[in-house]
1. Given 34, 74, 103, which one is closer than 16 Å to residue 162 by Cα and touching a residue at least 12 places away in the same chain (Cβ under 8 Å)?
2. Give the residue that is farthest from residue 181 (Cα to Cα), with candidates limited to residues of the stretch 142-154 that are within 10 Å of the chain's Cα centre (by Cα) and assigned to a loop (DSSP other than H, G, I, E, B).
3. Yes or no: residue 148 crowded, with 19+ Cβ neighbours inside 10 Å, of a type outside the set (S, T, N, Q), touching a strand residue (DSSP E or B) at 6+ places or on another chain (Cβ under 9 Å) and at pLDDT 95 or above?
4. With the requirement that a residue be touching a helix residue (DSSP H, G or I) at 6+ places or on another chain (Cβ under 7 Å) and either surrounded by fewer than 14 Cβ atoms within 10 Å (Cβ to Cβ) or assigned to a loop (DSSP other than H, G, I, E, B) (or both), what does the stretch 89-119 give you?
5. Considering only the stretch 98-105, I want to know if a residue exists there that is out of contact with any strand residue (DSSP E or B) (no Cβ under 8 Å at 6 or more places or on another chain) and either within 27 Å of residue 209 (Cβ to Cβ) or of a type outside the set (Val, Ile, Thr) (or both).
6. Taking residue 37 and the conditions (1) within 27 Å of residue 186 (Cβ to Cβ); (2) surrounded by fewer than 15 Cβ atoms within 10 Å (Cβ to Cβ); (3) in contact with an Asp or Glu (Cβ under 9 Å, 6 or more places away or on another chain), which numbered condition does it fall short on, given that it satisfies the others?
7. Which residues, counting only those in the stretch 41-84, are within 18 Å of residue 176 (Cα to Cα) and either part of a helix (DSSP H, G or I) or hydrophobic (A, V, I, L, M, F, W, C) (or both)?
Amino acid sequence: MNKHAITIISLIFLLIGIQPPAVGAGFDHSLFDRVLKSYVDDQGRVDYNGIAKDQAFKTYMEALKSAPVDSMSRDEQLAFWINAYNAVTIDKVIKWKPQKSVRETFVPGVWTGTKFFTTREHTVAGKSLSQDDIEHEILRKQLKEPRIHFAIVCASSSCPPLARFAYTGENVQVKLEEETRNYINSQRGTRFDPAENILYLSKLFDWFAGDFEYASGSVLDFLKPYLDEQGRAFLDRQPAINYIHYDWALNAQEPIK
């Protein structure tokens, strides 16, 4: 569209009292924001059955298919791919209908399957992608943002709780700081054993140690600014490090229908 056409369209909008859309504006995540506020509780548990019936979620998933990510700023891309990961995960839960865990296998009680994260069943920004593609190839490799590990949610109990908001280019930096701090200072993120002088960390800090080392030099150096006063004091004791068992139980409010 040339400059003259944009000027004429803008004048028409002004004359009829409507604010013209911003040229080159970022992707609209308002529908996903509405879904998250409606179907996620304060503990991050998800009403997947409710989302399955909501047209707003279906419309958002359709919009993800042709999103123009190349024209987005870095913060807009960061917000987009976090939201896309979470939305694809929700949609897969709705379609796959796991009853206990997204890693269920044919053997009852054995939660070791990975196909939930590796099958490419969704088109996002013009490409057929899995959650692993989004996480490892885009968010980690391209955007190199370690805080995404506290924002992308694998539909499991030891994951960060699913936030009740969508990320945007405007809020992503502030919200990533908040979610990182919240997770690290929760029982999912860190636990302290003063008697044995052991610091228990989420397995996220084991699996993705390289991301935190790249950002801060070491896992503990990454943790330190986010820990509360008690946690920072415990680090001064140079505790041994151990890891918390990762619970893959589904983060659903009720069984999937």
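1. 34
2. 154
3. Considered against the rule, which asks whether it is crowded, with 19+ Cβ neighbours inside 10 Å, of a type outside the set (S, T, N, Q), touching a strand residue (DSSP E or B) at 6+ places or on another chain (Cβ under 9 Å) and at pLDDT 95 or above, residue 148 comes out as no.
4. Residues satisfying the conditions are 102, 103, 118.
5. No: zero hits.
6. (3)
7. 74, 75, 76, 77, 78, 79, 80, 81, 82, 83, 84 - these are the residues of the stretch 41-84 that are within 18 Å of residue 176 (Cα to Cα) and either part of a helix (DSSP H, G or I) or hydrophobic (A, V, I, L, M, F, W, C) (or both).
Here's the yes/no breakdown for (1) within 22 Å of residue 89 (Cα to Cα); (2) surrounded by 14 or more Cβ atoms within 10 Å (Cβ to Cβ); (3) among the β-branched types (Val, Ile, Thr):
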{"position": "166", "(1), (2), (3)": "yes, yes, no"}
{"position": "174", "(1), (2), (3)": "no, no, yes"}
{"position": "223", "(1), (2), (3)": "no, yes, no"}
{"position": "251", "(1), (2), (3)": "yes, yes, no"}
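The values are calculated or read from the model by the stated rules, or taken from the named source; none is laboratory data. Quick caveat, the model's predicted, so the values are computed rather than measured. So basically every Cβ, Gly included, is an ideal-geometry build from the backbone, and we count neighbours across all protein chains shown.
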